[in-house]
1. What number comes out for the charge environment of Tyr71, summing +1 per Lys or Arg and -1 per Asp or Glu over other residues with Cβ under 13 Å away?
2. Rounded to whole Å and ordered largest first, report the semi-axes of the equivalent ellipsoid of segment 81-146 derived from its Cα gyration tensor (root of 5λ).
3. Between beta-carbons, use under 12 Å as the cut-off and find the net charge around Leu60, counting Lys and Arg +1, Asp and Glu -1.
4. Based on the inverse mean of 1/r over its pairs of different Cα atoms, what is the Kirkwood hydrodynamic radius of segment 74-215, in Å?
5. Which FRET efficiency value, to the nearest 0.05, do you get for Asp170 and Asp205 by plugging their Cβ-Cβ distance into 1/(1 + (r/R0)^6) with R0 = 25 Å?
6. For segment 32-121, state which chymotrypsin sites (Phe, Trp or Tyr not before Pro) are in a DSSP loop and have at most 13 other beta carbons lying within 10 Å of their beta carbon.
7. Would you compute the Debye intensity of segment 134-242 from its alpha-carbon atoms alone, equal scatterers and no solvent, and pass along log10 I(q)/I(0) at q = 0.12, 0.14, 0.22 Å⁻¹ to two decimals?
8. Mind giving me the FRET efficiency for Glu100 and Val151? R0 is 22 Å, r the Cβ-Cβ distance, nearest 0.05 is fine.
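All of the numbers you see were taken from the coordinates with simple rules; none came from a lab. The structure presented is a predicted model; accordingly, all values stated were derived computationally and were not measured. In this analysis, Cβ positions are derived from the backbone assuming ideal geometry, glycine residues included, and neighbour counts consider all displayed protein chains.
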Amino acid sequence: MKYFSGLKLLQAALLLSFFAVSVETACAGGSNASDVPPVILFIGDSHSTGSFGMQQDAVLRSVKGFRVATYAICGSSSDNWFSGDKTSCGYFFRDLDGHEQRGWEAATPLIANLIAQYQPAYTVVELGANMYGHTPEWVEKTSHEMAMTIVNSGSKCIWIGPPHARIQTDSGLAQVFDALHAGVGAYCLLFDSRNVTRYPAVGGDGIHFNSLGESGARIAENWALSAYYAFSPLLKAGKPAK
């Protein structure tokens, strides 16, 4: 499967026809006798604890006919969602009713438990930035394990790859993305975030957009919207609510 560039959304929309499932079909397959709307499960790393995650959570909740559960763990990669490792650098959770939890320390929720709890029709994954520096084989293996856990549950998989970062080399980020593509490309819609992000040459910590202040927050929010518009045809969604 080809991955999606934020600069080629028309091509992305055509490719998405392979995955396209109507909202009515999703509701029929993911609802119980009381016709409870299906769930979008959104998980991510430190980018999702900040402006990117807040924007992505908000835009997903604007999609009519779905409920959303969000879990973001700072420092996490695919393996942490199987081991339950504890973070001490921050987390952001928001449940189906919109109740929010934030703090510094929390165990990473197990992906299998989240899927069992929510039985999501779609699972949106924002992971990869913390895979930088690992071998391509490790990135491919751990990402593949998560992708298979998702799709074997009956959930559609959407994977948002890592953005550009100043402190990470372009070749290193390309290696991570290529390994992600090898691991999940046959099972998940894979969005290449590097095409819609560029970390400034000065300022911030070189990786987290929120460390740049308001200007960085805008970059992160635009990244979230670009990813959303690339995969929104899969959800049969129109423009998000303002």
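1. Numbers: positive: Arg94, Arg102; negative: Asp45, Asp57, Asp95, Glu100, Glu126.
My count for the surroundings of Tyr71 gives -3.
2. Details: eigenvalues 104, 56, 22 Å².
After scaling each eigenvalue by five and taking roots: 23, 17, 11 Å.
3. Values: positive: Arg61, Lys64, Arg67, Arg94; negative: Asp57, Glu126.
Within the 12 Å Cβ shell, the charges total +2.
4. Values: mean 1/r = 0.0624 Å⁻¹.
Result for segment 74-215, one decimal place: 16.0 Å.
5. On the way: r = 18 Å, r/R0 = 0.72.
Efficiency computed from Cβ-Cβ geometry: 0.85.
6. Working: sites: Phe42, Phe52, Phe66, Tyr71, Trp81, Phe82, Tyr91, Phe92, Phe93, Trp104, Tyr118; in loops: Phe66, Trp104.
Taking segment 32-121 and a limit of 13 other Cβ atoms within 10 Å, the loop chymotrypsin sites (Phe, Trp or Tyr not before Pro) found are Trp104.
7. -0.48, -0.65, -1.19
8. FRET efficiency, Glu100 to Val151: 0.15.
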